[in-house]
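Engineer: Here it is, the structure in full.
The values are calculated or read from the model by the stated rules, or taken from the named source; none is laboratory data. Bear in mind that the values here come from a model prediction, so they are computed numbers and not experimental data. So basically every Cβ, Gly included, is an ideal-geometry build from the backbone, and we count neighbours across all protein chains shown.
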Amino acid sequence: MSDYLIETNQLTKKFGNFKAVDSIDLKVKKGSIYGFLGPNGAGKSTTIRMLLGLIQPTSGRVNLFGKPLKSNRIPILKRVGSMVEYPSYYGHLTAYENLNTTRILLGLEAKEIDKVLEIVRLTEVKNKAVKKFSMGMKQRLGIANALLGNPELLILDEPTNGLDPSGIHEIRDLIKSLPKKMGITVLVSSHILSEIDLLATDVGIITKGKLVFQGSLEELHQRGKSQIAIEANPVEDAAAHLINNGFQPEIEGETIYLQVGEAGPAVLNKELVMNGFAVNKLAVERKTLEDIFLEVTKEGATA
Amino acid sequence: MTMINLLRTDFMKQKGGFIWLFLLIIPLGTTAAMFLDMYLRYEDYLYQKVQQQGTTSWHLLLGENHFVLGWGAFLPVFVAVIAALVHHVEFKQQSWKSLLSLPVPRGSVFISKFFMILLFSSLLIMLNTLGLVLVGKLSGFPEGFTFEFYSSYVLYQFLGILGVAALHNWLSSCFKNAVYPVVIAFVGMIATSIVRLSFPEKVKFIPYSYAYYADGLKENDPMVALYGGLIAGILILVFGIIEFKKRDIV
Ligand SMILES: Nc1ncnc2c1ncn2[C@@H]1O[C@H](COP(=O)(O)OP(=O)(O)O)[C@@H](O)[C@H]1O
Ligand SMILES: [Mg+2]
């Protein structure tokens, strides 16, 4: 038994010659909220469809709960709740009737429906036809549907797509409460970095079908270690001077960057000024998560 | 157990659906047409024909329904419409992906849809025949109603559509746009009529043709409906299950 609820091995999906998902090794720990992050078209939904057995991988393996999905599809899916891309529903049926079709197929008692309706706060409108629901209500119904049968693993593909800010907030709070309240492990995909930042404990970043980062949210933040930015004139000479004195500066445009550990700003300032360079700016900069994300996805694209 | 649950949910999904209207309108239409036919032609013309041919009014009425009205040729198209409606509920809001992410065997999901098509088609067939009984009674046929003849008509129609039901269960599961499979059935029906006239020995290879043999009148052999429907039904159903199980749900 591995410690991972989801583990993929070199998972690949080709559409014709196009690799939508390219050799990814996903690792989702029990009890985590795994943020599966990537721009539109990166391969998130395709990966998720493979995790649910909706599409066959071209190559590679999917293990859920330590067992191969291929040979254990039904017992595995009993423990998984999911919502893929847009919520599916039968528009002419009420919210209750929609959930009832899933409940029957899962062999659950009728009272389970009221339980999940309560969780997503749709009890009041449970007898209304779903086609009259707002996008946010449909999305919540989709989550209620995924929660039926107390799944151990919840897979939600862009659950906040098409919602207004308050709807996004609400769904985020709901998802965040699940691991604590119900012991559920969650994999949630998004193309919005800030959303994952506010929600996830672990992150996988996918771009152009490749998994370019995987680790805890903290590790991702640490990639944005502080650095010292110096604007000194003339820039080439100043950098050369620093190199001669044992530093390792990097030049980007008119700015020289140094890692914080190398020397304090005061030391650097003195060193440059004493040697006749004009220091116009000296600052300690910290990369934002946005910068890291862009950097990581760019690396992945050229790799 | 899963199968019964699937059938239950498939049935629930048709709540308030167009399929019920369809099942009402088509038999109403055929009944009205046959009533008009008897009203206008029975006493002056058709009854004389019955006497000349040494048959009964009930046999004649069935023949009018099957050949003159064209029920035997059209029935496969109606089955295709039913199949399209049964599958459409899963396409409308992309429900296939959530249905097939549930712990249910894909093969059972597919077979459940097939049974739904059979159920609604049987209803349609029975309502059409019930309409004939009503027309015969209203027209005051002198001969007694021959239950056996009419019930075997129903039975052979049911067997005769098995191939089309299986074919359209699969076709309807392939197209998001429900119009395509119905158009295919319509073209199939026309092609079948042409083949029947031009190459009568070949028409028995077309699943759309079998319901036509269900009447038990003239030279039509209902065994074609029986064997054709059963063989085509089983072969196409098995093929469909195999394909559906492997299919990528995108
Ligand atoms: N059925 C398909 N046939 C061909 N290409 C597809 C299919 N499904 C997805 N793709 C392509 O695969 C890539 C990944 O798509 P997707 O997994 O939906 O991305 P994401 O969910 O991250 O936005 C996209 O370029 C998309 O166009
Ligand atoms: Mg997507």
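Engineer: Out of the residues in the range A:43-62 that are closer than 12 Å to A:Asp157 by Cα and in contact with an Asp or Glu (Cβ under 6 Å, 6 or more places away or on another chain), which is nearest to ligand 2 (Cβ to nearest atom)? Full working, then the answer.
Structural biologist: Filtering the range A:43-62 down to residues closer than 12 Å to A:Asp157 by Cα leaves A:43-49, A:51-52.
Cutting the leftovers down to in contact with an Asp or Glu (Cβ under 6 Å, 6 or more places away or on another chain) gives us A:45, A:48.
Working: A:Ser45: 3, A:Ile48: 8 Å.
Among residues in the range A:43-62 that are closer than 12 Å to A:Asp157 by Cα and in contact with an Asp or Glu (Cβ under 6 Å, 6 or more places away or on another chain), the one nearest to ligand 2 (Cβ to nearest atom) is A:Ser45.
Engineer: Helices (runs of 4 or more DSSP H) wholly in the range B:1-80 with at least 2 residues that are closer than 23 Å to B:Val164 by Cβ and within 14 Å of another protein chain (Cβ to nearest Cβ) - which ones?
Structural biologist: Because the criterion is at least 2 residues that are closer than 23 Å to B:Val164 by Cβ and within 14 Å of another protein chain (Cβ to nearest Cβ), the helices (runs of 4 or more DSSP H) in the range B:1-80 that meet it are B:2-12, B:18-41.
Engineer: Residues that are modelled with pLDDT of 95 or more: list the helices (runs of 4 or more DSSP H) wholly contained in the range A:116-213 that include at least 1 such residues.
Structural biologist: On the way: elements: A:135-147, A:165-182, A:193-199.
It comes to A:135-147.
Engineer: Mind checking which residues of the range B:228-250 are out of contact with any Gly (no Cβ under 9 Å at 6 or more places or on another chain), surrounded by 15 or more Cβ atoms within 10 Å (Cβ to Cβ) and aromatic (Phe, Trp, Tyr)?
Structural biologist: Selection gives nothing.
Engineer: Counting just the residues of the range A:99-109 that are free of Cβ contacts under 8 Å to residues at least 24 places away in the same chain and of a type outside the set (Val, Ile, Thr), which one comes out farthest from the other protein chains (Cβ to nearest Cβ)? Before the answer, list the steps.
Structural biologist: Of the range A:99-109, the ones free of Cβ contacts under 8 Å to residues at least 24 places away in the same chain are A:100-101, A:104-105, A:107, A:109.
After this cut, where a residue has to be of a type outside the set (Val, Ile, Thr) as well, the list is A:100, A:105, A:107, A:109.
Details: A:Asn100: 7, A:Leu105: 5, A:Gly107: 7, A:Glu109: 14 Å.
For the range A:99-109, the residue satisfying everything is A:Glu109.
Engineer: Pick from B:Leu102, B:Leu123, B:Leu138, B:Leu134: which is under 26 Å from A:Leu51 (Cβ atoms) and either surrounded by fewer than 17 Cβ atoms within 10 Å (Cβ to Cβ) or at the interface with chain A (Cβ under 10 Å from one of its Cβ atoms) (or both)? First the steps, then the outcome.
Structural biologist: Details: B:Leu123 fails: under 26 Å from A:Leu51 (Cβ atoms); B:Leu138 fails: under 26 Å from A:Leu51 (Cβ atoms); B:Leu134 fails: under 26 Å from A:Leu51 (Cβ atoms).
After ruling out the rest, the residue left standing is B:Leu102.
Engineer: Among the residues of the range B:60-74, is any crowded, with 23+ Cβ neighbours inside 10 Å and either over 20 Å from B:Lys218 (Cβ atoms) or free of Cβ contacts under 8 Å to residues at least 60 places away in the same chain (or both)?
Structural biologist: yes
Engineer: Would you point out the residue of the range A:1-36, among those that are within 24 Å of A:Glu195 (Cα to Cα) and among the basic types (Lys, Arg), that is nearest to ligand 1 (Cβ to nearest atom)?
Structural biologist: A:Lys27
Engineer: Would you say A:Gly246 is surrounded by 16 or more Cβ atoms within 10 Å (Cβ to Cβ) and on the phi > 0 side of the Ramachandran plot? Spell out how you get there, then give the answer.
Structural biologist: Working: surrounded by 16 or more Cβ atoms within 10 Å (Cβ to Cβ): no; on the phi > 0 side of the Ramachandran plot: yes.
Against the criterion (surrounded by 16 or more Cβ atoms within 10 Å (Cβ to Cβ) and on the phi > 0 side of the Ramachandran plot), A:Gly246 does not qualify.
Engineer: Hey, among the residues in the range A:45-63 that are within 14 Å of chain B (Cβ to nearest Cβ) and of a type outside the set (A, V, I, L, M, F, W, C), which one's surrounded by the most Cβ atoms within 10 Å (Cβ to Cβ)?
Structural biologist: Start the filter on the range A:45-63 by keeping residues that are within 14 Å of chain B (Cβ to nearest Cβ), which leaves A:45-58, A:62.
Now drop any that are not of a type outside the set (A, V, I, L, M, F, W, C), which leaves A:45-47, A:49, A:53, A:56-58.
Values: A:Ser45: 22, A:Thr46: 22, A:Thr47: 28, A:Arg49: 25, A:Gly53: 22, A:Gln56: 13, A:Pro57: 23, A:Thr58: 15.
The qualifying residue surrounded by the most Cβ atoms within 10 Å (Cβ to Cβ) is A:Thr47.
Engineer: Can you report the number of residues in the range A:171-196 which are under 25 Å from A:Lys13 (Cβ atoms), among the polar types (S, T, N, Q) and more than 16 Å from ligand 2 (Cβ to nearest atom)?
Structural biologist: 1
Engineer: A:Gly16 is checked against (1) within 16 Å of ligand 2 (Cβ to nearest atom); (2) out of contact with any Lys or Arg (no Cβ under 8 Å at 6 or more places or on another chain) and fails just one. What number does that condition carry?
Structural biologist: Tallying (1) within 16 Å of ligand 2 (Cβ to nearest atom); (2) out of contact with any Lys or Arg (no Cβ under 8 Å at 6 or more places or on another chain), A:Gly16 fails exactly one: (1).
Engineer: Which one is farthest from ligand 1 (Cβ to nearest atom) among residues in the range A:196-239 that are of a type outside the set (A, V, I, L, M, F, W, C), free of Cβ contacts under 8 Å to residues at least 40 places away in the same chain and within 24 Å of A:Gly81 (Cα to Cα)? Walk me through how you get there before you give the answer.
Structural biologist: First, pick out the residues of the range A:196-239 that are of a type outside the set (A, V, I, L, M, F, W, C): A:197, A:201-202, A:204, A:207-210, A:214-216, A:218-219, A:221-227, A:231, A:233-234, A:236-237.
Filter once more, keeping what is free of Cβ contacts under 8 Å to residues at least 40 places away in the same chain: A:215-216, A:218-219, A:222, A:236.
Next cut, within 24 Å of A:Gly81 (Cα to Cα) only: A:215-216.
Working: A:Gly215: 20, A:Ser216: 22 Å.
Restricting to residues being of a type outside the set (A, V, I, L, M, F, W, C), free of Cβ contacts under 8 Å to residues at least 40 places away in the same chain and within 24 Å of A:Gly81 (Cα to Cα), the top hit is A:Ser216.
Engineer: Output the residues belonging to the range A:197-208 that are within 16 Å of ligand 2 (Cβ to nearest atom) and in contact with a helix residue (DSSP H, G or I) (Cβ under 8 Å, 6 or more places away or on another chain).
Structural biologist: The initial filter retains those residues of the range A:197-208 that are within 16 Å of ligand 2 (Cβ to nearest atom), namely A:204-208.
Passing the criteria: A:Ile205, A:Ile206, A:Thr207, A:Lys208.
Engineer: Moving to a separate point now. Assess whether A:Leu220 counts as being modelled with pLDDT under 90 and within 29 Å of A:Leu154 (Cβ to Cβ). Show your work before the answer.
Structural biologist: Numbers: modelled with pLDDT under 90: yes; within 29 Å of A:Leu154 (Cβ to Cβ): yes.
Yes: the conditions hold for A:Leu220.
Engineer: Of the residues that sit in the range B:236-250 and are of a type in the set (A, V, I, L, M) and touching a residue at least 60 places away in the same chain (Cβ under 8 Å), which one is nearest to ligand 1 (Cβ to nearest atom)?
Structural biologist: At the first step, the residues of the range B:236-250 found to be of a type in the set (A, V, I, L, M) are B:236-238, B:241-242, B:249-250.
So of that shortlist, the ones also touching a residue at least 60 places away in the same chain (Cβ under 8 Å) come out as B:236-237, B:241, B:249.
Values: B:Ile236: 26, B:Leu237: 26, B:Ile241: 22, B:Ile249: 10 Å.
Across the range B:236-250, the extreme among qualifying residues is B:Ile249.
Engineer: Report, by residue number, each residue of the range A:70-98 that is more than 7 Å from chain B (Cβ to nearest Cβ), in contact with a Lys or Arg (Cβ under 8 Å, 6 or more places away or on another chain) and buried (at least 21 other Cβ atoms within 10 Å of the Cβ).
Structural biologist: Selection gives A:Ile76, A:Pro87, A:Ala95.
Engineer: Counting just the residues of the range A:147-170 that are within 16 Å of ligand 2 (Cβ to nearest atom) and aliphatic (A, V, I, L, M), which one comes out surrounded by the fewest Cβ atoms within 10 Å (Cβ to Cβ)?
Structural biologist: Within the range A:147-170, the subset within 16 Å of ligand 2 (Cβ to nearest atom) is A:155-163.
Narrowing further to those that are aliphatic (A, V, I, L, M): A:155-156, A:163.
On the way: A:Ile155: 25, A:Leu156: 24, A:Leu163: 19.
So the residue we want is A:Leu163.
Engineer: For A:Gly66, all conditions in the list (1) in contact with a strand residue (DSSP E or B) (Cβ under 9 Å, 6 or more places away or on another chain); (2) more than 9 Å from chain B (Cβ to nearest Cβ); (3) surrounded by 19 or more Cβ atoms within 10 Å (Cβ to Cβ) hold save one; what is the number of the exception?
Structural biologist: The failed condition is (3).
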